Amino acid sequence: MAQISAKRFTLYYFPTSYSSQKVLLSFYEKEVPFQPHLVNLFTGQQYAPWYIQLNASGLHVPVLRDGDHIITNPSAIIDYIDKTCPTGESLVPDLTSDLGRNVASFRKKIDNVPVDILTYGILYHPNLSVSGCKLPGAVQRSMKENFAKRLSVLSDLAARNPDLHEGYVTRSQTAAQKYDIITDESQVRAELEEVEKLFEELEDQVRKTREGSDDIAEADELWLFGPMFTIADISLAVLLSRMTLLGMEKCFFSPSSSPYLYNYFKQVQKRKAFKKVNEEIANIRSTVVWENVKAASPYLAGISGTAVTLSLMFWLYKKLR
């Protein structure tokens, strides 16, 4: 089997980004090397002109570069890596099989969860969190303030970069739509209720898979649809992690109400690739933050923004080490 050059792929990402975590987990499960290029979300680097040029029409971090080929959709990145890289186990089963169709169906359901709306919705309405958001209070306040400033920042960048006007306008329109939702508690609550239905379906699926196995010992190596760890499992693993961060684990997968999902997540946390993603977060160094702050990002301005950013880096390091 031919080795993949460590210089072939360049991944533009940030470890705390939800979409980045799914892509990182896929890379590590597939054991595919890549050149990392951090896009610091804490300083708004995803709005820098160079990144808009790279990802003019997309709304996501990360972006993958394979030579002259640029992929801006997280799901497309994972599919591309799985198809073109023979290393590791396949994550995306053939759609002509029952397994492939089931994986695709659950992957779509999980990926359709509006995680950004839930994340910011809980920051704006902390009473919706069952056990409390685990981000430090200063970081939560900073994230809320920065989201509120996003429209003005994007409008200013659009005016100063007329050649990138369309890319900034697209992002501005999306931000406005999301802001209207996340600041409306009833809409956020409705989204959480829909997610609760999905978790009930996921609990049932994990239960059926476990109960369908005759080998008790094998049960510790069973995932959503059996012994194969698929892209649906990657999507679910990252979703469970984010819901834990938001303090929703007791609502969606507590040991009493959802014992199968609860144990599933405990099992996921033991995987080498999952641990490596957490190490990515823990190993973000303050030097990276300073490097981006010195770029005079308009998204986090002043010494208070710098302090909050450094505070978050230190908290993540202590939390995940």
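Details
- For region 98-279, the Cβ-based charge dipole about the Cα centre amounts to some 660 debye (Lys, Arg positive; Asp, Glu negative; other atoms uncharged).
- Tensor-based shape of region 98-279 (alpha-carbon gyration tensor, a/c under 1.5 rounded, otherwise prolate or oblate): prolate
- Net charge, Thr87 excluded, C-beta distance under 11 Å - Lys, Arg +1, Asp, Glu -1: -3
- Loop-located GluC sites (Glu not before Pro) across region 1-108 with a Cβ neighbour count of 15 or fewer within 10 Å are Glu31, Glu89, with loop assigned by DSSP.
- For region 98-279, the relative contact order comes to 30 percent (Cα pairs under 8 Å, sequence separation of at least 6).
- Screening the chain for whole DSSP H helices with an alpha carbon extent of at least 27 angstrom along the helix axis and a mean Kyte-Doolittle hydropathy of at least 0.5 yields 302-320.
- Residue pairs, from the table Lys144/Lys197; Lys144/Lys270; Lys134/Lys208, whose Cα atoms sit over 30 Å apart: Lys144/Lys270; Lys134/Lys208
- The amide H of Gln35, built 1.01 Å from its N in the peptide plane, has Phe9, Thr10, Leu11 as neighbours under 5 Å, considering only residues 5 or more places off or on other chains.
- Taking label positions 7 Å along the Cα-Cβ direction at both Gln187 and Gln53, the computed distance is 3.5 nm, reported to one decimal.
- The mean sequence separation of alpha-carbon pairs under 8 Å and at least six residues apart, normalised by the residue count of region 31-137, gives a relative contact order of 12 percent.
- FRET efficiency for the Ser5 to Ala104 pair, using the beta carbon distance and R₀ = 30 Å, is estimated at 0.50.
- Between Gln35 and Glu89, full extension at 0.36 nm per residue minus the direct alpha carbon distance yields a gain of 17.3 nm.
- Antiparallel DSSP beta bridges within the chain, percent to nearest 5: 65
- Lys272 paired with Ser256, simple spin-label distance in nm, labels 7 Å along Cα-to-beta-carbon: 3.9
- A simple spin-label model places the labels of Lys134 and Glu196 2.2 nm from each other, with each point 7 Å out along Cα-to-Cβ.
- Virtual paramagnetic centre 7 Å along Cα→Cβ of Asp220, amide N under 18 Å, in region 268-282: 268-275
- Neighbour net charge for Asp184 - beta-carbon separation under 12 angstrom, K R +1, D E -1: -1
FYI, it's all coordinate maths here, none of it is from the lab. Worth saying up front: this structure is predicted, and the values here are computed from it rather than measured. Note that each Cβ is placed from the backbone with ideal geometry, even for glycine, and that neighbours are counted across all protein chains shown.
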